[in-house]
1. List, in the order given, every pair from B:LYS249/B:LYS399; B:LYS63/B:LYS286; B:LYS469/B:LYS598; B:LYS348/B:LYS540; B:LYS384/B:LYS430; B:LYS405/B:LYS474 whose Cα-Cα distance in the structure shown is over 22 Å.
2. Which order do B:SER365, A:SER394 fall in if you start with the one that has the fewest other Cβ atoms within 10 Å?
3. Multiply the residue gap between A:ILE63 and A:TYR280 by 0.36 nm, knock off their C-alpha separation, and tell me the result in nm, one decimal place.
4. Given the -39500 (n - 2.57) contribution per DSSP H run of 4+ residues, what per-residue ellipticity at 222 nm results for chain A, rounded to the nearest 500 deg cm²/dmol?
5. Taking each residue in B:5-15, count the Cβ atoms of any other chain within 10 Å of its Cβ, then average. What number comes out?
6. Using only DSSP helix segments of four residues or longer, with each worth -39500 (n - 2.57), what per-residue ellipticity at 222 nm results for chain B after dividing by its residue count and rounding to 500?
7. Need one word for segment B:354-401: rounded, prolate or oblate. Basis is the Cα gyration tensor (sqrt eigenvalues a ≥ b ≥ c); a/c below 1.5 gives rounded, then a/b vs b/c decides.
8. Kindly write out, for segment B:426-438 in residue order, the coupling ³J(HN,Hα) from the Karplus curve 6.51 cos²θ - 1.76 cosθ + 1.60 (θ = phi - 60°), rounded to whole Hz, with x marking Gly and Pro.
Amino acid sequence: MIQQQGNRFFFNVDWITVLIYIALCTVGFINVYASIYNPDKATGFDFASSYGKQLIYVITGVILGLSILLFDGRLFNVFAPFIYGATLFLLVVVLFVGRNVGGNQAWIPIGSFRLQPSEFAKFGTALLLARYVSTFNPKFRDIKSIVIAGLIVLAPLLLIMLQPDTGSALVFLAFMFPLYREGLSGYFLLIFLGMIVLFVADFLVPTYILILILTTIGGLFIYNNRRKQKIIISTILVTIIAIAYLFVVKIAYEKVLAPHQRSRIELMLGLKADNKGAGYNVIQSQIAIGSGQLTGRGFLQGTQTKYGYVPAQSTDFIFSTIGEEWGFVGCSVVIGLYMFLLLRLINLAERQRSTFSRVYGYSVACIFFFHVFINIGMTIGIIPVIGIPLPFISYGGSSLWSFTILLFIFLKLDSNRMGFI
Amino acid sequence: MDQLFNRKYIVQGLFIVVALILLGKLFYIQIISDKAFSSAESNVLRKIYKYPARGAILDRNMKVIVQNEPVYDLMVIPNEVKPFDTLGLANALEITIEDVRKKLKKAKAQSPYQSTFFERQISVQSYARLQEIMYRFPGFRTQDRTIRHYPDSIAGQLFGYVKEVNPDDIEKSEGYYKPGDFIGKSGLERSYEDFLRGKKGVINTLYDARNVAQGSYANGKYDINAVSGDRLISSLDIRIQRLGEELMKNKVGAIVAIEPATGEILAFVSSPGYDPNQLVGKDWGKNYMSLIANPYRPQIVRPIAGQYSPGSSFKPVDALVALQDGAIDPNTTFFCPGYYMAGNHKVKCEHVDGTINMQRGIARSCNTYFCHVFQNIITKNGMKNQRQTYAHWHEQISKWGFGQKLGIDMPFEKKGIFYQADHYDKIYGKRWGYTTVISQAIGQGEITSTPLQMANVMAAIANRGYYLKPHLIKGIGDKNVVKKEYVVKNYVGVDEKYFPIVIDGMRDAVNSPWGTAKESQIPNILMCGKTGTVQNPHGKNHSVFIGFAPMNKPKIAIAVIVENGGYGGSYAAPISSFIVEKYLTDSIKPRSNGYTVKAFAETNLLPALIDKTKKVKPTKLDSLKLKKADSLKKVKDSLKIKPAVLKQTVATKLKVNQPSINNKPVTNKQ
């Protein structure tokens, strides 16, 4: 009891998760160092360099995380609407005062430091969503609850789209999974999956063949359920919507997406080859990763990494450094660490007594999942180039801190799982 | 709640599936496919080649006859070129601004980021000018290389030439040659390419994404130092080579001199010759075209590619084989009425000697005597077995090297014509005998040989029964390695005891008042020899002489052919005598008959070109033509040659008509 008293702040914290967190941050620092390392200019340790800054980010990140543990977990529940509101406000502000970096109006300069509100909007949204679900306990069987939950997610998503930062916006789709866990019909996931499949298929297969396939499937389905009028009608509706979707996608693709986004998608689908232009990043990244082979070239030995063949080496394409210098073994270890973290977060979320903690836990896990899947998928060419960071590993303070906050708020909630929120 | 709890597994299952997809793709690009690895190498790794110096060639007295000379190329990496003073560069190189632009464009087309030739072999003056202002032309650099230099400006066909590799060479070399490398294309440069070229050095350099060199790869672990080519010691004696070329000036023909004891070739003259320095460097194309255009075809290597009937110079071999065969004995005499009747065909003699023995028959070059000898050989087992005895005779003669390549260390050696019995079976069926082929008795008709083969025959006679494979390089590298095949004695199948009588006859040919080459007697040296006068249906006969000296312990065997030179005694023999004397005594004493080197060098025996407006037909020159006795041709025509034979004839003719050095296959890589 006395011990518990003395350790009140860190009582019941899941230290295993903290260890994985530190492991991933270390992997990040090592690879940021490697991707910036220049043998000719290798002097002493330099805090002004990127790896020096990253070390500072990691240390402050750990301090930030530990200090979050000092808060009372209940505060997050209470202040969720305010935090959400604040992040929305920042997302609006950034559209006006933000600094344009790489075509995106995503950064608010504060002195020498730059704040990226979209990173912080993630945990604001997660908190409010958790608050909503825990307060009203909707089962998402009615339209109203789905709309409210949808609005909570879509508001920041749309604001981020305006920057425009499609990559960060896409991450908000991760909230589908916590909602699914809380009762949202699985059909939503299937519909979403179906939309992606149809989107891709629309590029690879002529539209009329797709229409033929869809009507055939619909027809067979109706034939099998020919005595159930309801199913027949809904099937016909779904088929018509699906076919309409095909055309809408085609038009939206031409009108809504920017040319560079279109070419990234076309490259990923193999519709066009461009080794020097838009495809350069992906090809060089794959060359770097592929050249790592089984065990990699070794720390600081990656030639592609060292000689700047992969753009955005330390940030979005940091995984190519891991792939080149540590090979398949290193990649497997990193993916393994992530999987361990993700599966553990889900398990932790499930052991929560409070719905708030569980929803938040799911949100955190699924946001990480989206980042990891999209980022690594992009570096090895199975997903179009979408510039989002690899959690804890990519260079950058904003992303590291926001991921840290996301994670440690959950760890704090988890440590309170016996108490009441 | 329980029902929703199960959704955890769906979410976790999705995570795992996606992780497996990522790992699967990683497994593919990292482990299964090695495309990425090689792409990474080509991204960063550039091999810079260091060219070794080509091996030098010395003559037998260790005088340098082939060496290297530095030249400078201007190289460019188009991507590194920044806007520069085009006029300045054009002036330094003495070319126009247009040329500069054109060359830059060409280099860019070849490779934008590899170092490519901008201007080859810039002059020393241009190089000096450029050195001072090079900093003004980023992306350009000079590269020094060596090219061949031949200080004596002789023996062009012998040395051959070195030229940039073509795609064919690159493919055949299985990765050794790269575009821009040089390779020996003909002559010694070609046959000893593997020794002369040395070993290219490689420096592996890493480049970053902006194409800036980042230093050596793996601390130079995989770099290779260039190793200079092997030095070769040639068997050539440059003194008599030079004398030979001088004597053969304005004449078409060849000289081959061999040291009998070793098979080392002392002189290898092909006339008309050319200065090998012409086929070096920038002017190669221009000079090569003018060589090709020369109607006397200097590009033909006549000592090994010229095929002449040996004529009477064949008689000593004939005699020796007959003696070995027992067809005659040293004392056999025949009666010469001034001709020999082979059936209805009359073989004329230049003289009427009456009863004549072998020694005198050789000295006097009596056709009648050797026709009888031949008749005796072929009919010694009766008229019915002529085919069989001919086959045996063919085998005996072949041992001397007729009708086959001797395997000299030069490319494109020809083997000459010497038909087997089967050949005559095809044409005449069973109805042929010694009279059909009687012209061979005196080295005419359907027998041809290269000057090298003739000189080799002399070496075999000088050695009294064997020869060593004739060769031009007697030592390779610092250790002077001698190829094993060059120390093997090749016996010609005639016992030593039969030689003295023939050699006596050859001595008389030169040193007796009745000899055919009596004008070529060398003061204080006993040269043995045999003249030949090769019938030439197209013009004046060819003058041939083969011989060796001194008679005892011979030091030099020689064959000389002067096309359109008439009697063997009139040009070939005196030329031989000068070369032999020069080689043995290093001087030439005044001759009692007043013959001088100068007089022979000045004589012009080039055949007149019939029609200067028309292109000269190559058939004008007999060295290129496979001779056929006219009478035989008529018989063949009437008998309707089989298509195969016809084809062969056409093919050989075609070859003769296009004697381009490049098109010919490598025949001998030794």
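1. Over 22 Å apart, Cα to Cα: B:LYS249/B:LYS399; B:LYS63/B:LYS286; B:LYS469/B:LYS598.
2. Taking fewest neighbouring Cβ atoms as first place, the list is A:SER394, B:SER365.
3. Gain on extension, A:ILE63 to A:TYR280, equals 74.3 nm.
4. -23500 deg cm²/dmol
5. 6
6. -10000 deg cm²/dmol, from helical runs alone.
7. Judged from the Cα gyration tensor, segment B:354-401 comes out oblate (a/c at least 1.5, b/c at or above a/b).
8. 4, 7, 10, x, 8, 8, 9, x, 4, 5, 5, 10, 4
Just so you know, all these numbers are worked out from the coordinates, no wet-lab data involved. None of these values were measured; they are calculated from a predicted model. Here Cβ is always computed from backbone atoms with ideal geometry, including for glycine, and neighbour counts include all displayed protein chains.
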